[in-house]
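Worksheet for the structure shown next.
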Amino acid sequence: MDSIDKAILAQLQHDSATPVSEIAESVGLSPTPCWRRIKKLEEEGVIARRAALIDPAAVNLKLTAFVAVKTAQHSEKWLRDFSEAVRRIPEVVELHRMSGDTDYLMKLVCPDMMQFDLIYKKLISIAEFSDVSSTFSMERLKYTTELPLDYI
């Protein structure tokens, strides 16, 4: 990966709908070689996918919750069953296995506290936990999907 690939990635992270011709011009390539580089980055898995970013409030997802889970179960089967069940809950948009006191951390979005309570009840029914705690975002102060590319 070279500086041109890095510049292409930066532009695609900012707006994946940017026409190849515009990207090519900004990185000093003609469209065909630029398109080839993008395809190669996709084939290599550097570009995992392209997506539209939707404003949660615009689709009535005004509540963001972070749910910390502790469990006494640490088997492969428990983890597989738990993660598969969580994947079936569309409101859970992130699930992380953690180090430290919390075993798993989830980020979920939903319209309101009433809906959160229904999701919470669904969560506690899918696996055995020793503790579940939730915190709620009052205001999103920073949000980006653009990864820093200085480490390439």
Please check which bits of region 30-55 a label hung off ILE152 would reach, taking the label as a point 7 Å along Cα-to-C-beta and the cut-off as backbone N under 15 Å.
34-49
DSSP loop GluC sites (Glu not before Pro) with at most 14 other Cβ within 10 Å: longest gap in the chain:
45-127
Work out how much length GLU22 to HIS74 would gain on full extension: take 0.36 nm times their residue separation and subtract the Cα-Cα distance, in nm to one decimal.
13.7 nm
Which of LYS6/LYS70; LYS70/LYS142; LYS6/LYS142; LYS39/LYS142; LYS77/LYS122; LYS6/LYS62 exceed 29 Å between C-alpha atoms? The answer is LYS6/LYS70; LYS39/LYS142; LYS6/LYS62
What is the local net charge at LYS70, summed over the other residues whose Cβ is closer than 15 Å to its Cβ (Lys, Arg +1; Asp, Glu -1)?
-3
Can you sort TYR104, TYR151 from fewest to most other Cβ atoms within 10 Å of each residue's own Cβ?
TYR151, TYR104
Summing -39500 (n - 2.57) over the DSSP H runs of n ≥ 4 in the chain and dividing by its residue number, what mean residue ellipticity at 222 nm do you reach, to the nearest 500 deg cm²/dmol?
-12000 deg cm²/dmol
First select every other residue whose beta carbon is under 11 angstrom from the beta carbon of LEU61; then total the charges, Lys and Arg +1, Asp and Glu -1.
-2
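We did not get these values from a lab; they are worked out from the coordinates using the rules stated. Note that the coordinates shown come from a computational prediction; the quantities given were computed from them, not determined experimentally. Cβ: placed from backbone, ideal geometry, glycine included. Neighbour counts: every protein chain shown.
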